[in-house]
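See structure below.
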Amino acid sequence: MIPPAQSQAPTAGVAARDFLGPPRGLAVLFATETWERFSYFGNAALVVLYMVKYLFDPGRVETVLGFAAVKAALEFLFGHLETQPLASQLFGFYTGLAYSAPILGGYVADRLLGQRRTVIIGGVLMAMGHFMMAFEALFLIALSMLILGIGAFKPNISTQVGALYAPGDERRDRAYSIFYVGINIGAFLAPLVCGTLAVQYGWHAGFGAAGIGMLVSLGIYLYGTKTLPADELSLANEASGKKPLDRSERRVVLALIGICALVTLFWAAYDQQGNTILLWAEDFTDRSVDLVFWQGEIPSPWFLALNPLMIFALTPLLVRRWARQGERGTEPLPVSKMAFGCLCLALANLVMAAAAWTAAGKASALWLVGYFVLATIGELHLAPIGLALISKLAPARMLSMMMGVWFATTLPADILAGFLGGFWSSMAKANFFLLIASIAALASVVIWAFQRSVIRA
C-alpha cells in the first residue's frame, strides 16, 4: 500500500535520527538511489548489444510487439536502417525520453501526488519494465515502462535530499555530494554484475539482475519512509508563478536556455559510451587476460564501470584544486569550466582515433582507459557545474522548470547521439572518432564564446 503524503515523518530540516552525522533519511535515499542506478545502468550496459547480437536477428525480431511500426517511424525520419544503426537510434530515443520524462514526473509530484507516492509508482513501473525484458515480445513495452518509471522516480528522490535540511543549512551541499557517490556506486557495479551474468547465463539473467536491483531499491525506500521529510505540494506557489518575469530575469532565462542548448552537443558525444564505445570494446578491443593462474576475457560491459570508478578517483582531486584556486581568486568561471569539459571530451575521442589508426588487429584495452579518464574529467567539469550555474542564476520561481530544461536537453542529445552512432557501421573507425571529437570541440568553442552573454545576464 502506498503511504499517504500526509503520514507522520520528519519535517524539512528535522531528521528522525542522525546517521554518521547526516540525517538518517540521507542513508535511506543514498541506498535507494544506489540500487535504482544499478538497475538502470545494468540494463543500459546490455540493451544495445542485446539488440545487435541477439534480438534483431531474422526470425526473432518479428516476434517483438510493435517493432514494425517503430522501425517504420525511425526509417521515415532517418532513411533505411540496418541492424546496428537501428539499435543506435532506438537506444538514443530510449535514453533521451527517459531523461526528459522527469519533467512530467516532477509536475505530477508537485501538483497531484507528492514525492513519496510518485517515487513508489516509478519504482514499481521500473521493476516491471526490467522483468519484462526477459520476454522478447515485450521488449518495446518494457522500454516504455522504464521511461515512465524513471520519469516518476528520478526527480523526486533528488528533491527529498534537499528537503532533509532547513533553508540555509550548510550541510545540504555535503549531502548532495554523498548522494552523488551513491549514484556512481550503482553505475560502477551494474555493468560488472549484469554484464557478467549476461555473458555466463544469457541476456535474461542480466536483465533479471537489474529488476532485482530495482526491487531492492523500492524495498529500502518503503522501509525507510518514516525517516524522510513530509511531502510539500507546491500549489501555494501557483499565484506567484503567474507574475511575469522582469527584463533582467528574462535575460537570465534566455542565457541559461542558450547554455542548455549548447550542452546538447556535449551529451551527444559523451553518450556514445553506451553505444559505439561499447561496440568498440566488444569487436575491436583485445579483452583477453592472462594471469598465469587464470585466463579469460573481460566482458565488454565491464568497461562501462571505468567511468564511475574515475569519478570516485577524480572528484576529490578536482574539488581540492578548485578550492585552492578559490582561495587565490583564480578559480575559473563556471562557463569556462564547462567549455574545458567539452575540450576534454574532444581529446578523449582523439585518443580513440589514435587507437583506431595504430591498432594492428585488436587494440589494447589501455586505449579505453585513457578515453575514460579524459571523458570523466570532462563530465566533472560540465555536469555538476551546469546544475550549480542554474541553481545560482535562475529566478527562484522558475528554478524547478529550468532544472527540467537542463535534464530535457538529454532528449535531443541522445537523438543526435543515435543519429551519429548510425555512422559506425559505414565509416572508418578513426574517421568516426574524429567526427565525434569535432562535435565536442565545437561545443567547447561555442560555449566559451557564449560566456560573455552569461556574465552580462
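The values are calculated or read from the model by the stated rules, or taken from the named source; none is laboratory data. Small disclaimer: the values here were computed from a predicted structure and weren't measured. With ideal geometry, Cβ positions are generated from the backbone for all residues, glycine too; neighbour counts draw on all protein chains shown. Note: areas computed on protein heavy atoms with side chains; ligands, DNA, RNA excluded. Shrake-Rupley method; radii C 1.70, N 1.55, O 1.52, S 1.80 Å.
Tabulated values for the structure
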{"quantity": "Residue in segment 429-457 that is modelled with the lowest pLDDT, counting only those that are of a type in the set (Val, Ile, Thr) and surrounded by fewer than 19 Cβ atoms within 10 Å (Cβ to Cβ)", "calculated": "ILE455"}
{"quantity": "Failed criterion for ILE257 (all others in (1) open to solvent by less than 60 Å² (accessible area, probe 1.4 Å); (2) over 22 Å from LEU347 (Cβ atoms) hold)", "calculated": "(1)"}
{"quantity": "Residue within segment 268-276 that is modelled with pLDDT of 90 or more, open to solvent by less than 10 Å² (accessible area, probe 1.4 Å), touching a Gly at 6+ places or on another chain (Cβ under 8 Å) and not acidic (Asp, Glu) present", "calculated": "yes"}
{"quantity": "Among the candidates PHE407, PHE312, residue that is open to solvent by 50 Å² or more (accessible area, probe 1.4 Å), in contact with a helix residue (DSSP H, G or I) (Cβ under 6 Å, 6 or more places away or on another chain) and touching a residue at least 60 places away in the same chain (Cβ under 8 Å)", "calculated": "PHE407"}
{"quantity": "Sole exception among (1) open to solvent by 50 Å² or more (accessible area, probe 1.4 Å); (2) of a type in the set (Phe, Trp, Tyr); (3) in contact (Cβ under 8 Å) with a residue 60 or more places away in the chain for PHE293, by number", "calculated": "(3)"}
{"quantity": "Restricting segment 82-131 to residues that are charged (D, E, K, R) and part of a helix (DSSP H, G or I), the residue that is surrounded by the most Cβ atoms within 10 Å (Cβ to Cβ)", "calculated": "ARG116"}
{"quantity": "Residue that is modelled with the lowest pLDDT, among those in segment 132-144 that are touching a helix residue (DSSP H, G or I) at 6+ places or on another chain (Cβ under 7 Å) and open to solvent by 30 Å² or more (accessible area, probe 1.4 Å)", "calculated": "ALA134"}
{"quantity": "The lone exception for ASP110 - which of (1) at pLDDT 85 or above; (2) on the phi < 0 side of the Ramachandran plot; (3) not polar (S, T, N, Q) it fails", "calculated": "(1)"}
{"quantity": "Test result for ALA269, within 19 Å of ALA356 (Cβ to Cβ) and under 16 Å from the mean Cα position of the chain (by Cα)", "calculated": "yes"}
{"quantity": "Of the criteria (1) assigned to a loop (DSSP other than H, G, I, E, B); (2) modelled with pLDDT under 85, which one GLY59 fails", "calculated": "(2)"}
{"quantity": "Segment 66-91 residues that are among the charged types (D, E, K, R), paired with ones that are open to solvent by less than 50 Å² (accessible area, probe 1.4 Å) and assigned to a helix (DSSP H, G or I) (beta carbon under 8 Å, 6 or more apart)", "calculated": "LYS71/LEU86"}
{"quantity": "Residue in segment 212-220 that is open to solvent by less than 10 Å² (accessible area, probe 1.4 Å), of a type in the set (S, T, N, Q), within 17 Å of GLY25 (Cα to Cα) and at pLDDT 90 or above present", "calculated": "yes"}
{"quantity": "Residue, most open to solvent (accessible area, probe 1.4 Å), within segment 19-33, restricted to residues that are farther than 12 Å from PRO229 by Cα and at pLDDT 80 or above", "calculated": "PHE30"}
{"quantity": "Complete set of residues in segment 180-190 that are surrounded by 21 or more Cβ atoms within 10 Å (Cβ to Cβ) and more than 14 Å from the chain's Cα centre (by Cα)", "calculated": "none"}
{"quantity": "Of residues in segment 146-179 being within 20 Å of VAL124 (Cα to Cα) and at pLDDT below 85, the one most open to solvent (accessible area, probe 1.4 Å)", "calculated": "THR159"}
{"quantity": "Criterion (crowded, with 16+ Cβ neighbours inside 10 Å and touching a Lys or Arg at 6+ places or on another chain (Cβ under 6 Å)) met by exactly one of ALA365, ALA356", "calculated": "ALA356"}
